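The values are calculated or read from the model by the stated rules, or taken from the named source; none is laboratory data. Just so you know, these numbers come straight off a predicted model, no measurement behind them. Reconstructed Cβ throughout: ideal geometry from the backbone, glycine too, with neighbour counts over all protein chains shown.
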Amino acid sequence: MPHVLTDISDGIATLTLNAPDTRNTMTMPMVDEIVAAMDAFEADPTVAAVIVTGAGSAFCAGADLGNLQTASADSLGRIYEGFLRIARSTLPTIAAVNGAAVGAGMNLALGCDVRLAARRAKFDTRFLQIGLHPGGGHTWMQRRIVGPQATFASVIFGEVLDGAEAERTGLVHRAVDDDQLMAAARDLAAGAASAPRDLVVLTKATIKSMAGVESHAAAVQAELGPQVWTARQPWFAERIAALKAKISSRDKS
């Protein structure tokens, strides 16, 4: 049985962790399949966005405890690659968190560009509760998303958030009814899929680069070159022509 299921339709790729009997615990074979799937998505010119989710009742219950007990810097680095490969993807990514996201599973969600959560979802850092220091950039990612106070509440004090509480703290973009999660994720991903792929990839890179830009003036300059380049692309001329035709048709009616 594959550890990861993949699907591509309407410009949207879906990566589903497929070990429901172990609550999608992240193992080395699963990591290898995640990496291969992401490589394939990025090489496919029809894919403009990626949704990451889990089969069954959990999103991802974290790393295999056996691997953690025999951990070394090298072995942990291999497990980290399961979420780091998604975090550094050139394509926009959405975590559709359908259930428990624990430890490395929470890192998987944090590494995506946008998080949507089912109301039943559970975000559980749990590192300290099992006697382990956080890893994989967990504290850095979480602090950048929700700030220091919510990060302390989660990491140090062990607060577990459901979908609604995760939305309140800003950990997720939106919480939705459990049975509406994948539909909501696809609706969101469709926005990226409706734009030219090269434009989507370029704009994601710009958004990520803005973390190091310190002034509005510098941001204007950083965006100028890419905007001029895209204004000269055939897709821009085609879309402007279509928009003008639509406006003209509406004015005549």
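Within the stretch 37-60, which residues are under 17 Å from Thr25 (Cβ atoms) and more than 17 Å from the chain's Cα centre (by Cα)?
Gly56, Ser57
Can you find even one residue in the stretch 186-204 that is closer than 23 Å to Ala55 by Cβ and charged (D, E, K, R)?
yes
Is the stretch 26-35 home to any residue that is hydroxyl-bearing (Ser, Thr, Tyr), more than 19 Å from Gln142 (Cα to Cα), in contact with a strand residue (DSSP E or B) (Cβ under 9 Å, 6 or more places away or on another chain) and at pLDDT below 95?
So far as the stretch 26-35 goes, yes, one or more of its residues are hydroxyl-bearing (Ser, Thr, Tyr), more than 19 Å from Gln142 (Cα to Cα), in contact with a strand residue (DSSP E or B) (Cβ under 9 Å, 6 or more places away or on another chain) and at pLDDT below 95.
Could you list, in sequence order, all residues of the stretch 128-184 that are assigned to a loop (DSSP other than H, G, I, E, B) and within 16 Å of the chain's Cα centre (by Cα)?
Gly136, Gly137, Gly170, Leu171, Val172, His173
Residues that are of a type in the set (S, T, N, Q), at least 1 per element: which strands (runs of 3 or more DSSP E) completely within the stretch 23-100 meet that?
Filter on the stretch 23-100 gives 49-54, 93-97.
Give the residues of the stretch 96-152 that are free of Cβ contacts under 8 Å to residues at least 40 places away in the same chain and either closer than 14 Å to Ala175 by Cα or touching a His at 6+ places or on another chain (Cβ under 6 Å) (or both), sorted by residue number.
Asn107
Go through Arg115, Arg85, Arg78, Arg120 for me and flag whichever is charged (D, E, K, R) and buried (at least 21 other Cβ atoms within 10 Å of the Cβ).
Arg115
What are the pairs with Cβ atoms under 9 angstrom where one residue, in the stretch 180-196, is within 12 Å of Asp10 (Cβ to Cβ) and the other, located anywhere, is at pLDDT 95 or above and surrounded by fewer than 16 Cβ atoms within 10 Å (Cβ to Cβ)? Sequence gap at least six, or different chains.
Arg186/Ser9; Arg186/Asp10; Ala189/Asp10; Ala190/Asp10; Ala193/Asp10
If you go through the stretch 197-233 one residue at a time, how many are surrounded by 10 or more Cβ atoms within 10 Å (Cβ to Cβ), over 24 Å from the mean Cα position of the chain (by Cα) and among the acidic types (Asp, Glu)?
Number of matching residues: 0.
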